[in-house]
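Note sheet for the following structure.
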Amino acid sequence: MKCPFCNNLDSKVVDSRPDKGGSAIRRRRECEQCGKRFTTYERIEEMLPQVCKKDGRREPFDRFKIINGIVKACEKRPISKSDIELLVDRLETRLQESTEREISTTTIGEWVMKELHGMDEVAYVRFASVYRSFRDISEFMQELQELLKK
């Protein structure tokens, strides 16, 4: 690790611990040449697939877009912010474990709906109504009837 003070490449780790969020390792280092200390953070490089939009565009996966959609579906429902975060964490893990380089918004939406179905049926219906873009009330009623059968 290059020292930010003297640019020497030799340093030793004097302390190592997880950061506050647990997503990185914080390391205190000491330069072997000048003796000054500095801090580095080590994070896992996340390799998430590109998201293929319905109109053919491709863009990087955006965790916050998913969270915002789920939060809207869960409005005034007994689902905590931490439950939503865990749902999106599971989704990201699934994406990281995938060998695909690209994934469709349709697939992501289906995964979210499956998760919401197990958490809260009202949130599921709300998310599905926006995600599936029902053309008319009969399609929406058909989805509700399928939900009631289960």
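Here, each number is a calculation from the coordinates, and none is a lab measurement. Not measured: the values here are computed from a predicted model. Heads up, the Cβs are rebuilt from the backbone with ideal geometry, glycines too, and the neighbour counts pull from every protein chain shown.
Packing around the peptides 33-43, 118-128, 55-65, taken as the average count of other Cβ atoms within 10 Å per residue, puts them in this order, highest first: 118-128, 33-43, 55-65.
Seen against the Cα atoms of the chain and their longest principal axis, helix 81-97 is set at about 80 degrees. The angle separating the long axis of helix 63-73 from the principal Cα axis of greatest extent in the chain is about 30 degrees. Working note: Karplus 6.51/-1.76/1.60 with θ = phi - 60° gives segment 13-18 the couplings 7, 9, 7, 9, 7, x Hz, where Gly and Pro are set to x.
Per residue, the convex hull spanned by the Cα atoms of the chain measures out at 155 cubic angstrom.
Pairs spanning more than 29 Å between alpha-carbon atoms, out of 20/53; 65/149; 76/149; 54/114: 20/53; 65/149.
Annotation for segment 59-105: GluC sites (Glu not before Pro) lying in DSSP loop with at most 13 further Cβ atoms inside 10 Å of their Cβ are 75, 100. In the chain, the DSSP-assigned H stretches of four residues or longer account for a calculated mean residue ellipticity at 222 nm of -14500 deg cm²/dmol, using -39500 (n - 2.57) per stretch and the full residue count as denominator. Computed from Cα positions, the angle between helix 105-119 and the longest principal axis of the chain comes to roughly 80 degrees.
Legend: ranking of residues 105, 99 from fewest to most surrounding C-beta atoms inside 10 Å; resulting order 99, 105.
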